[in-house]
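Any read-out appearing in this document is the output of simple, stated calculations on the displayed coordinates, not a laboratory observation. Since we're looking at a predicted model, the values are computed, not measured. Note: ideal-geometry Cβ built from the backbone for every residue, glycine included; neighbour counts use all protein chains shown.
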Amino acid sequence: MFAPVYLTKQENTKNMYVMRDKVLQLAKEKNAVILAHYYQTSDIQEIADFKGDSLALAQRASEVDADIILFAGVHFMAETAKILNPTRKVLLPDLEAGCSLAESCPADDFRKFKALHPDHIVISYINCTAEIKTLSDVICTSGNAVQIVESFPKDQKIIFAPDKNLGRYINEVTGRQMVLWDGTCEVHDILSSERIMKLKIENPDAKLIAHPECAHPVLLLADFVGSTTAMLEYCKNSSSEKIIVATETGILHQMQKDSPEKEFLIVPADESCSCNDCAYMKLNTMEKLYLALKNEKPEIILPDDVMENAKAPIVRMLDLSKHLIK
Ligand code: SF4
């Protein structure tokens with residue numbers, strides 16, 4: 001029986017830097033590119049060759065020229081990178097890094113739902129499985145959803161999946177009446193409007209910004225609603241010194257980097273939990289990045305027909321989004 005080993009704070013920091021250097025060294029040796037989402041922990045964001053939101057990462061993944069893509073994000077993002085780069089090896093540091101929103105839309109159930117609306121096209125949020133993408137006409141992200149929907153004639157009947165909060169928000173912005181799949185992101189949907197009201201009362205000079213995956217009562221309170229990138233831009237350009245942020249906590253790293261003089265207040269889900277940390281995103285660690293590169297697994301493998309059929313709606317989105325800033 002071994003006694004537990006306790007490390008001092010300095011030893012932990014030193015180990016973290018050692019692991020970081022090993023990841024960077026291996027990435028160089030293996031001609032790997034590291035893509036990271038803004039919801040990753042700060043240490044991972046800092047070593048990424050490119051970090052971004054879902055749209056920017058999909059755009060970048062379509063242009064990658066490396067032998068290996070190490071994707072510090074969640075499963076559907078790594079799948080998208082694989083679909084856009086079928087000949088490259090795509091690694092996800094932890095295969096358990098899924099997504100509650102993607103899981104809220106099982107393919108068999110969605111097929112039946114789609115069959116009930118035969119004259120509708122399907123626009124799917126990128127936060128869905130590759131199989132759902134094969135059932136879609138075009139993909140969107142929160143950064144381009146309005147433009148994608150608006151690219152269809154006003155009288156075009158549309159199913160929007162899987163996020164009902166984002167779908168409802170787009171219906172409101174565009175005046176459409178898309179049929180919505182009943183899915184949510186467990187991180188954004190749980191953010192509490194009561195807690196926000198409390199924060200607003202305590203900080204009357206602060207602006208509130210929210211991601212459109214949040215529930216309707218939260219969006220009603222927001223001064224600005226936008227995608228991850230749009231929220232970052234808002235924070236950089238806002239004259240407000242204090243901003244209440246209703247989304248996943250990882251975003252604070254970039255916000256604070258862009259505007260060190262501003263104060264950012266993250267909206268807690270409730271008094272007792274930190275449920276606005278996406279448990280899936282936070283499964284990735286520096287050590288898992290290292291092991292993934294060393295062992296070249298876990299690798300994302302998809303059936304050829306799924307890759308082929310899922311690619312067309314993603315490429316259609318990328319074509320429709322070319323004018324949006326990368
Ligand atoms: S924050 Fe929500 S939508 Fe994003 S990966 Fe986590 S569970 Fe999925």
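Lysines near K89 by alpha-carbon distance under 18 Å, same-chain residues fewer than 8 away left out - which ones? Filter leaves K28, K30, K288, K294, K297, K311.
Oblate is the label for the chain, because the ratio a/c of its alpha-carbon gyration tensor axes (a ≥ b ≥ c) is 1.5 or higher and a/b is not greater than b/c. Residues in segment 187-198 carry Karplus couplings, in order, of 6, 6, 5, 8, 4, 9, 5, 5, 5, 5, 4, 4 Hz; the curve used is 6.51 cos²θ - 1.76 cosθ + 1.60 with θ = phi - 60°, and Gly or Pro positions show x. By other beta-carbon atoms within 10 Å, ranking Y280, Y17 with the fewest at the front produces Y17, Y280. Listing S192, S227 from fewest to most neighbouring C-beta atoms within 10 Å gives S192, S227. Counting charges near A107 (Lys, Arg +1; Asp, Glu -1) among other residues having Cβ under 12 Å from its Cβ returns a value of 0.
Around D137, with a cut-off of 11 angstrom between Cβ atoms, what is the net charge of the other residues, counting Lys and Arg +1 and Asp and Glu -1? After counting each charged neighbour, the total is +3. 3J(HN,Hα) along segment 256-263, derived from phi through the Karplus expression 6.51 cos²θ - 1.76 cosθ + 1.60 where θ = phi - 60°, amounts to 5, 5, 5, 9, x, 7, 8, 9 Hz, with x in place of Gly and Pro.
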